[in-house]
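These notes concern the structure reproduced below.
What follows is calculated from the coordinates using simple rules that are stated; it is not laboratory data. The model shown is predicted, which means the values in this text are computed figures rather than measured ones. Here Cβ is always computed from backbone atoms with ideal geometry, including for glycine, and neighbour counts include all displayed protein chains.
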Amino acid sequence: MSENNVNTLSPAVDDLFWQENYELITESDEELAQLLEQADLPALLAAIAAATGNTAILAEELRPPLTPVDTKNHPHGGMDEAAVKKAKATALAGLIQLRDQQITSTPTLDSQSAEEILAYLSNGRSQWNDMLKHELGLLPENSGAPTWRYEEVAAPGKVFTALIVGSGVAGIAAAHRFEQAGVPFEIIEASTRLGGTWQKNKYPGVRLDTPTFGYSYSFAQKSDWPHQFAQGEEVREYLETVAAKAGLSEKIQYGTKLISATWDEQSGVWQTVVSKDGNEGEIRKFNALISASGQLDIPNIPEFPGQEKFAGIQMHSQEWDPSVDWRGKKVAVIGTGASAYQIVPAIYQDVEQLVVFQRNAPWMLPAPTYHQEVSDTFSWLVRKVPHYAQWFRLWTTVLGIPGRFHTVRAEADWPQEPLSVSHKNQQVREELIELLSKQFEGHPELLKHAIPSYPPGAKRMLRDNGVWAQALKAEHSTLEVSPIAEFRENGIVTADGVHHEVDIVIYATGFKPSDYLDGIEIVGREGLRIHDYWQSDARAHNGVTVPGFPNFFMVYGPNVGGVVAGSLHFMLERASEYALKAIHEVLKRDVRAVDVTEAALDRFTAWVDAENRQMAWGQPYVRTWYQNRNGRVSQVWPFTNIEYWEATETVRPDEHEFLS
Ligand code: NAP
């Protein structure tokens, strides 16, 4: 790093949680050596190289090979023993240097140093650099913040306003980027609080089932998370804090719902009907409409004969009533997906009887630290090594790029279908069955039902630290696999004639995710309704734009959800940035609107569909919420974050019509 590049970073850094100075390291050499035993070496070496300005420590032989994760993580990205030993010695020398030279901040990284560190972490995959720079948060000029301001681009006197619908993870990402660009906008939220899914889902046990550091914005890199898999309330508080720091909290119009939006060809604006506190709608006009209204929002409550006769309490996981006391009661949980997996272990010890109704068993990946706090070593590193948290988050991002795609890609004519889709997938299946066999030892009947009859990864995999098996093995628990035949006043009867007496029924039966924009009428050019256009098959170019619906942008639209790789926040930030790029074009060209072409959407859909068909979840015999009613996988992004980065790099003129 050259001499003239050692100014400390300025507050222009695109990180709302930016921290300039860190605590002094005061520990002895021996104590530092001890701390290293539990550190993540690639992240730590990267942080030390950045803080000391000495990228020469990142020797070729210390590069993590990035062994892909499957049923287990590979410590230090799969570095071998010799590399680990050498990396520890290098890291120890680095920590001693930070201590002795009292280094408590990271100097501004010049481009070359940044790329040397990225080359180390990604083991030379320079094609990932631009995306990684966006994620790092230490390189102001490479963040996702817009590089332009509305007043610089818009023609004098031009009025252009946007409506952002929703203040969950997607809405906050969009609003922050719009605020940074200075594009005038309003943001409405149907609920009384922000946070989307994280303010709605309050059932016992709710928490992340992906590691916390992979679940944050590049522009809001909180470092002091208490849990390795954050609890629901912690995520909600994070979103509240982000909104407050971004100056959005006061801007959000709560209790305000979008009823309809109609494109007015004459004036080139969206005429919306917006209802406040359930009142009759009021008409408001906007030039752009940004839907950030979420995907897993509408509860799926299956219908069973006699449901209305049931005298006890029934509630969906998302509509958990905190006044309901399940303690000492007979409780039924219908469903064995991600929500049930968190509810059942959280309540089973306190109920009198528990019956879990299972249609299909879930696959679970081992996650021994699922309920653990972050370690003391981790907290120490975050407090004392400048920007360790940023580098750790980036390291998580690096590992998440390839993710576990190699475990779910189908081989042609694989003979073990429908149980697995490839050699690797079969290997994963066998390893997971071995783990289940240990967990259900002495319970052969439970074990039989705990083994899914579909390939690993075909549905969303859950995180397992053994609590699910513990709950099902309890004396007072029953795993019921016979289908529900009917409800009676005091319980549920299954097809095999067994009557389960219950006081409370919890529907952990998921959502209706493929019904995008349910309950909202969006009418585009020539009076076309979006749901008529989609015909139950929601599609959007890059998951963002829909032909015939000018200046309409979806943040977390169809086909952008990663399931075995990547970061949701990256996808949402990037979708927001892409929407802003399109608006930038509209302002720059001084036109009214941009409309994506049908051909562009067709190409995009064909590309995504072809890849989804190669995956476990795209096999014809698999049924999952990833698919819509037409059977198309409409939820999942089947590529890495890098392909999304590339797809959303520019708003291609040959794929768009600009309307003057
Ligand atoms: P889900 O994964 O769709 O699971 C729904 C469960 O209900 C499945 O076991 C399903 O069985 C069962 N079911 C549905 N209809 C049924 C019926 N008519 N009769 C009997 N069983 C029925 O829903 P979820 O658990 O609410 O999770 C949905 C998504 O939300 C997750 O995939 C995840 O993306 C997200 N989520 C995330 C977290 C987190 O990050 N912490 C937590 C919870 C949820 P089949 O398998 O047979 O369909």
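Results, tabulated for the structure shown:
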{"quantity": "Whether the stretch 121-253 is rounded, prolate or oblate, judged on the alpha carbon gyration tensor where a/c under 1.5 counts as rounded", "calculated": "oblate"}
{"quantity": "Dipole moment magnitude, nearest 20 debye, the chain about Cα centre, only Lys, Arg, Asp, Glu C-beta charged", "calculated": "620"}
{"quantity": "Antiparallel DSSP beta bridges within the chain, percent to nearest 5", "calculated": "45"}
{"quantity": "Charge dipole of the stretch 458-552 about the Cα centre (unit charges at C-beta), most positive-ward option of Val546, Ala458, Ile504", "calculated": "Val546"}
{"quantity": "Of Leu580, Thr624, Val608, farthest towards positive along the dipole that unit charges on Lys, Arg, Asp, Glu beta carbons give the stretch 580-636", "calculated": "Thr624"}
{"quantity": "FRET efficiency, 1/(1 + (r/R0)^6) with R0 51 Å, evaluated for Glu411 and Glu486 via beta carbons", "calculated": "0.75"}
{"quantity": "Over the chain, relative contact order from alpha-carbon pairs under 8 Å, at least 6 apart, %", "calculated": "16"}
{"quantity": "Neighbourhood charge, 13 Å Cβ-Cβ cut-off, centred on Gln253 and excluding it, Lys, Arg +1 and Asp, Glu -1", "calculated": "0"}
{"quantity": "Residues Asp29 and Ala599, FRET efficiency given R0 of 41 Å [Cβ-Cβ distance, rounded to 0.05]", "calculated": "0.05"}
{"quantity": "Protection proxy ranking of 471-481, 358-368 - average other beta-carbon atoms within 10 Å, highest first", "calculated": "358-368, 471-481"}
{"quantity": "The stretch 570-660: C-alpha gyration tensor shape, a/c 1.5 cut-off, then a/b vs b/c", "calculated": "prolate"}
{"quantity": "Residue-by-residue Karplus 3J(HN,Hα) for the stretch 319-324, coefficients 6.51, -1.76, 1.60, Hz, glycine and proline x", "calculated": "10, 4, 9, x, 7, 7"}
{"quantity": "Contour excess over end-to-end distance, with Cα ends at Ile301 and Gln97 and 0.36 nm allotted per residue", "calculated": "67.5 nm"}
{"quantity": "GluC sites (Glu not before Pro) within the stretch 24-82: DSSP coil, no more than 11 neighbouring Cβ in 10 Å", "calculated": "Glu37"}
{"quantity": "Residue among Gln439, Trp395, Ala485 farthest towards the positive dipole end of the stretch 363-493, charges placed on Cβ", "calculated": "Trp395"}
{"quantity": "Efficiency of FRET from Cβ geometry, Ser249 and Glu141, R₀ 35 Å, rounded to 0.05", "calculated": "0.75"}
{"quantity": "Electrostatic dipole magnitude of the stretch 486-579 [Cβ: Lys, Arg +1; Asp, Glu -1; Cα centre; debye, to 20]", "calculated": "500"}
{"quantity": "Contour excess over end-to-end distance, with Cα ends at Glu308 and Thr369 and 0.36 nm allotted per residue", "calculated": "17.8 nm"}
{"quantity": "Cβ-defined net charge surrounding Leu419, 11 Å radius [Lys, Arg +1; Asp, Glu -1]", "calculated": "-1"}
{"quantity": "Pairwise centroid distance, computed over Cα atoms, of the stretch 586-655 with the stretch 390-446, Å", "calculated": "26"}
{"quantity": "Anisotropy class of the chain from Cα gyration tensor, a/c 1.5 cut", "calculated": "oblate"}
{"quantity": "Span from the the stretch 331-387 Cα centroid across to the the stretch 542-571 one, whole angstrom", "calculated": "28"}
